[in-house]
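Heads up, the thing below is written out as structure tokens.
Nothing in this text is a laboratory measurement; each read-out follows from the coordinates by a stated rule. Note that the coordinates shown come from a computational prediction; the quantities given were computed from them, not determined experimentally. Glycine also receives a Cβ, built like all others from the backbone with ideal geometry; neighbour counts cover every protein chain displayed.
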Amino acid sequence: MDNEETIEELRAALAELESGEGLSRFVDGHGLQSRFFAFSWKSEELSIDFNLPCGRVLSDEDEQALDAARVGAALRMAILLLTAADGGKLLFEGEASLSVAADEDGARYFIVGPDGEEVDAGDGWDALVARLDAALPDGDEVQIIWP
């Protein structure tokens, strides 16, 4: 699947999630408490690895809402990252690749230079949102809130 097809699948998954009917795309696992949103993408410049719990029907309402919020944020981030990569605006001068991950413990990113050295890294997505907002100024204001 190419970037555009993947972006459309991610948008469809976001619409599913926001409908309140539950998420069926990018969901793995089985049972009432072991389902998770799993999305991976690997290219020369971008690596995404999201593995977040979702649809845990035995959890209380607050935990279910937090799961849905985290999955929604991850879906939006994946769409923005792939859009930036597709437009050639993901990396800045002196950067070779960007890796982004999210799981129950939080979100992380790593930017690597052409020699394999770490250029930047951090927890959370605030820095990535700022990068994408600067790289994609034509679109709507970028807002990803990691719960």
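Just the C-alpha atoms of the range 1-46: what Rg/Rh do they give, with Rh taken as the Kirkwood radius?
When Rh is taken as the Kirkwood radius, the ratio is 1.03.
Quick one: if the Förster radius is 30 Å, what FRET efficiency do Asp115 and Gln64 give, using the C-beta to C-beta distance and rounding to 0.05?
The formula returns an efficiency of 0.10 here.
Let me have the 222 nm mean residue ellipticity of the chain computed from DSSP H runs of 4+ only, each contributing -39500 (n - 2.57), with the sum over all residues rounded to the nearest 500.
Values: 3 runs with 53 residues, N = 147.
Theoretical 222 nm ellipticity from helices: -12000 deg cm²/dmol.
Report the residues of the range 33-72 in range of a label on Ser99: point 7 Å along Cα→C-beta, backbone N strictly under 11 Å from it.
Answer for the range 33-72: 47-49.
For the chain, with the dipole built from +1 on Lys and Arg beta-carbon atoms and -1 on Asp and Glu ones, taken about the Cα centre, which of Gly87, Ser43, Leu58 lies farthest toward the positive end?
Result: Leu58, furthest along the dipole toward the positive end.
Only sites in a loop by DSSP and with at most 11 other Cβ atoms within 10 Å count here; which GluC sites (Glu not before Pro) in the range 41-139 make the cut? Could the numbers behind the result be given before it?
Numbers: sites: Glu44, Glu45, Glu61, Glu63, Glu93, Glu95, Glu104, Glu117, Glu118; in loops: Glu44, Glu45, Glu93, Glu95, Glu104, Glu117.
For GluC sites (Glu not before Pro) across the range 41-139 that sit outside H, G, I, E and B with at most 11 neighbouring Cβ atoms in 10 Å, the list reads Glu44, Glu93, Glu104, Glu117.
Within 10 Å of each candidate Cβ there may be at most 13 other Cβ atoms; applying that plus a DSSP loop requirement, which chymotrypsin sites (Phe, Trp or Tyr not before Pro) in the range 27-101 survive? Please list the in-between numbers first.
Values: sites: Phe36, Phe37, Phe39, Trp41, Phe50, Phe92; in loops: Phe92.
When the chymotrypsin sites (Phe, Trp or Tyr not before Pro) of the range 27-101 are filtered for loop state and at most 13 Cβ neighbours within 10 Å, Phe92 remain.
How big is the gap, in Å, between the Cα center of the range 95-135 and the Cα center of the range 43-62?
Between the Cα centres of the range 95-135 and the range 43-62 lies a distance of 18 Å.
Once the mean 1/r over all distinct Cα pairs of the chain is inverted, what Kirkwood radius in angstroms do you read off?
Evaluated over the chain, this radius sits at 15.8 Å.
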